[in-house]
Each structure stands twice: as C-alpha cells, then as structure tokens.
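Data block below; observations after.
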Amino acid sequence: MAAEVVILGGGVGGTIVANLVAKETHRRAHVTLVDATGIHVYQPGFLYVAIGLEQPAALQRPESQLLRPDVSLVVDRATRVDPAARRVLLESGRTLRYDQLVVATGSRTVLEEVPGALGAHDFYTMAGATRLYKALQEFERGTIVIGVAGIPYKCPPAPVEFAFLLDDYLRARGIREKTQVKLLSPLNRAFTIEATSKLVQPILAERGIELTGFFNVESVDPVAKTVTSMEGETVEYDLLVLVPPHRGQMVIETSRLGDERGWVPVDKNTLKHTEFEHVWAIGDATNIPISKSGSVAHYEATIAAAEIVAEVKGESPPAHVYDGKVMCFLETGQGQATTIRFDYTHPPVSPKPARRWHWAKAVFNKTYWHTVPQGRLP
Ligand SMILES: Cc1cc2nc3c(=O)[nH]c(=O)nc-3n(C[C@H](O)[C@H](O)[C@H](O)COP(=O)(O)OP(=O)(O)OC[C@H]3O[C@@H](n4cnc5c(N)ncnc54)[C@H](O)[C@@H]3O)c2cc1C
C-alpha cells in the first residue's frame, strides 16, 4: 500500500517537497498537499508592488498549476494536527491520515500586537503592499519612517531594501528633497547580518536615509503620529511603514506542535520535529534561528523530501543534511544589488553592490515560476 505523505502549506517549501517526493517515490507514496487558499504567492515581489514596479496579479498562480499531476491538492485549512493518531483535521471537517507529515505553513503577521499600530502601512502582505503604494502615490512631502515591530521577521534585509527602493521612487517622482526617510533598526546596525550591514550603511548615508539603531517598536500613537521604542525613544512620522510582528500559524498553536510563538521545534540538520515522530517542518514555520527566507525554505525542502523518500523506500537516511545554507539578494537602489551567502559554518559574505546582482534578482523573480516550485534548481 502506498505511504500517505501529507504536506501542510503550498508556499515555496511545501510545493517543492510535494513535487520531489511524488517524483522520486514513483507512486510508492500518495502525496497530498493541503493549502488554505489554493493560490501560490511569490512574496518577495511585495517590495515592488509597494512602489508600483509590479502588479499583484503577476505574483500569484493557482497552486494546481505548480504541482505534478500525481500530487493531490486539497484546498482547505488545517485546524489541528494529532501526532499521536497521525491525523490532520481540516476546517471543512475532513480528516487526513498520514504516515509522514511536513509542516510548511509559513508565518503570519500580527500587527494588532503593537498598540496603536493597526493603521500603519506594511509591505508584508499583498493587501499591505497595495495599500502602501496608494499612500505613496498621494504622498507629497514629509517624513516616512520604516520600523521593525518584532524579531524574527521574514527576509531580514527587506526593510533596508525597501528604504533603498523608496529612495529611488521618491527621486523618480522629484519629491526626494521634500521628504525625510528614516530607518529604525532594532539592532545597533542596519539589520541582523553584520558584514552586510557594514557594506550598506555608508550607502544609506550617501542616499540621505537616516538610520537609528536600538529602536524596537513598542507602540504607535496614530493621532500624534509618533512611534515609540522599548528603549524609550519617540520619532514623529507623516507616513509609517512597519514590519509587523510574526508568529507561526494558528494550527501550530492549537495543536501544541510549537513554542509559545507558534514556531515548530526541529533538528536544525534533519528538520525532524524534536518531539513527534513522522513530523518534519521546513521554511518559515520552524524555530531554527536562521533567516526566514524563500531560499532557506527551498534548501530545507530538498532535504526533507530526500529523507521522506528514503523512509518510503525503506532505505537508510541520506547522508546529506541541511547545512544552514542561505542565499539572498539585497537591492541597494539605483539599479544595483548585492547578495548574502552563508551557512552554519561559514559567516555571511556580500560582494560590492553591482548592476549584475540587480539583474540576477530580476531574472530570478521572473523565472521563479518555472524552476523553483518544481524543484528544478539544486
Ligand atoms: C516583502 C518580502 C520580501 C521577501 N524577499 C525575499 C527574498 O528576496 N528572498 C528570499 O529568499 N525570501 C524572501 N522573502 C521571504 C519568503 O517569501 C518566505 O520566507 C517564504 O515564502 C517562506 O516559504 P514557506 O514555504 O515557509 O511559507 P510560505 O511561502 O509563506 O507558504 C505558506 C503556505 O501555507 C499556507 N497555509 C498557512 N496556514 C495554513 C493552514 N492552517 N492550512 C493549510 N495551509 C496553510 C499558506 O496559504 C501558504 O500558501 C520575502 C518575504 C517578504 C514578505
């Protein structure tokens, strides 16, 4: 009888696992992917939607178009996992039994956790990025503040990238001289990665983007238009853009599969749940202290898939484990970008920003649909 492999979440990580397991097990596994919306969203594009360089429709495709025909897609929301009975309960009332389960449900943003912040702008959801672009189009002069309301958040360099792209946008509209752009970082540098922060900080200064360190957003006063940090500093704004706090999905919390913020504890090499047998987690859903990024979800997906294929075939586990590999692009504006590469044993390195990295990111953004979800890239 075919093994039942159930994957929760049809984002980048879940889709790759589903396609690879179905391909490599040759029908010795029946692969089911459960996704809450049935729509696959390419989130890195939100940055460009927020400044009018991309259309929302270009960032979404039906998940069914990205899965192999031998993967069963169930469009439903997982509401509870029972690891003892190896069952998943869905919102519709349907129950799925599994032999192997992969949790790839990503994260959710919870702006409501920050007092006063609900009206603030963000580029972490499609709706947020679309609304932000509308506000920017109406913006003529004043102070735009970009702040971070909680760590961890997806794509650590994204607020810095947004600051650079915003600078380009304001220059193109001819209103840069009437605008102040302030970037508030929770750390003593631009973002988590020290080497890349050192590289981009002089460029931020060159572009007139004011960086304030040790500013962990605690609350917002939407009437006075001020944002206050846990450190006790207050900054005035005309337009506020916040990176919202992130949590794991509700299903993790209600099933007690994760910690108090809903992150799933896994072995950082094998991606197996530290407590429950037959459960893996990958991508943003895990508690691994590494960038929550599409590249991590991608690399982890290939590892989890290989382990599940070995289990299904009754073979010994693959020798290759997840080594903490991360690879990201960081737009530095004016048509240039850099990259960030590291793993558990090699510290981050970033080359001098250049046009070719900007073009490499643009090409990746466009070719994503034909390569990554299918697991065609290594
Ligand atoms: C503005 C921005 C810029 C970014 N830039 C980059 C970048 O340049 N490079 C990079 O590598 N990464 C980037 N990222 C991060 C990247 O998009 C995420 O890290 C990546 O999508 C995580 O993949 P995932 O598969 O873990 O989760 P996701 O892609 O978020 O997918 C999760 C899926 O689970 C589904 N789901 C959730 N709950 C349930 C449930 N209960 N039942 C069923 N289905 C459920 C959702 O519908 C979704 O389809 C960026 C993100 C943002 C927001």
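Some points to look at:
- Considering only the chain, percent of DSSP beta bridges that pair antiparallel, nearest 5: 45 percent
- The protection proxy used here, the mean number of other Cβ atoms lying within 10 Å of each residue, ranks peptides 329-335, 307-313 as follows, highest first: 329-335, 307-313.
- Projected-area average for region 1-103 over all orientations - Cα convex hull basis, square nanometres: 7.1 nm²
- Note on region 111-245: with charges restricted to the Cβ of Lys and Arg (+1) and Asp and Glu (-1), its dipole about the Cα centre is near 420 debye.
- Computed over the chain: relative contact order in percent, which uses C-alpha pairs under 8 Å that are six or more apart: 19 percent
- Residues considered: Ala117, Ala319, Ala195. Largest GNM mean-square fluctuation over the chain, using C-alpha springs under 10 Å, is found at Ala319.
- The Cα atoms of the chain cover 68, 42, 37 Å along the three principal axes, with the biggest extent listed first.
- Helical runs (DSSP H, four residues minimum) scored at -39500 (n - 2.57) apiece and divided by the length of the chain put the mean residue ellipticity at 222 nm at -8500 deg cm²/dmol.
- In summary, the helical segments of the chain meeting the span-like criteria, namely a full DSSP H run, a Cα extent along the axis of 27 angstrom or more and a mean Kyte-Doolittle hydropathy of at least 0.0, are 294-313.
- Portion, in percent, of the accessible area of the chain that falls on carbon or sulfur, probe 1.4 Å: 53 percent
- Heavy-atom accessible surface of Leu271, to the nearest 10 Å², is about 0 Å², with a 1.4 Å probe and all protein chains retained.
- Burial ranking of peptide ranges 354-363, 42-51, 119-128 (average Cβ count within 10 Å, highest at the top): 42-51, 119-128, 354-363
- Potential lengthening between Arg171 and Thr274 on full extension [0.36 nm per residue; Cα-Cα distance subtracted]: 32.1 nm
- Distance between modelled label sites at Val363 and Lys178, nm, 7 Å Cα→Cβ extension: 4.0 nm
- The simple spin-label model puts a point 7 Å past each Cα toward its Cβ; for Asp82 and His26 those points are separated by 3.6 nm.
- Largest accessible area first, the residues Arg141, Arg176, Arg61, Arg108 order themselves as Arg141, Arg61, Arg108, Arg176 under a 1.4 Å probe with ligands, DNA and RNA left out.
- Whole-number accessible area per residue in Å² for region 111-245, which is evaluated in the context of all protein chains at 1.4 Å: 42 Å²
- Across the options Gly52, His370, Ile308, the greatest Cα extent toward the positive end of the charge dipole of the chain (unit charges at beta carbon of Lys, Arg, Asp, Glu) belongs to His370.
- FRET efficiency estimate (nearest 0.05) - Cβ-Cβ, Ala224 to Arg61, R0 41 angstrom: 0.45
- Whole-Å distance, taken between Cα centres, linking region 143-178 and region 277-294: 27 Å
- Computed about its Cα centre, the charge dipole of the chain is approximately 1040 debye, with only Lys, Arg, Asp and Glu carrying charge at their Cβ.
- For region 111-245, the share of DSSP beta bridges that are antiparallel, to the nearest 5, is 30%.
- The 1.4 Å probe gives accessible areas that order Leu118, Leu8, largest first, as Leu118, Leu8.
- Phe214 versus Glu4: modelled label distance in nm, points set 7 Å from Cα along the beta carbon direction: 5.5 nm
- Extension gain from Lys134 to Arg68, taking 0.36 nm per residue of separation minus the Cα-Cα distance: 20.0 nm
- Residues whose placed amide H lies under 5 Å from that of Lys272, excluding near-sequence neighbours: Asp267
- Amide H contacts of Ala29 (H built 1.01 Å from N, under 5 Å, at least 5 apart or other chain): Ala3
The values are calculated or read from the model by the stated rules, or taken from the named source; none is laboratory data. Everything numeric in this text was worked out from a predicted model, so none of it was measured. When we count neighbours, we look across all protein chains shown, and the Cβ atoms used for this are built from the backbone with ideal geometry, even at glycine. Calculation scope for accessible area: heavy atoms of the full protein, side chains included, ligands and nucleic acids excluded. Shrake-Rupley method; radii C 1.70, N 1.55, O 1.52, S 1.80 Å.
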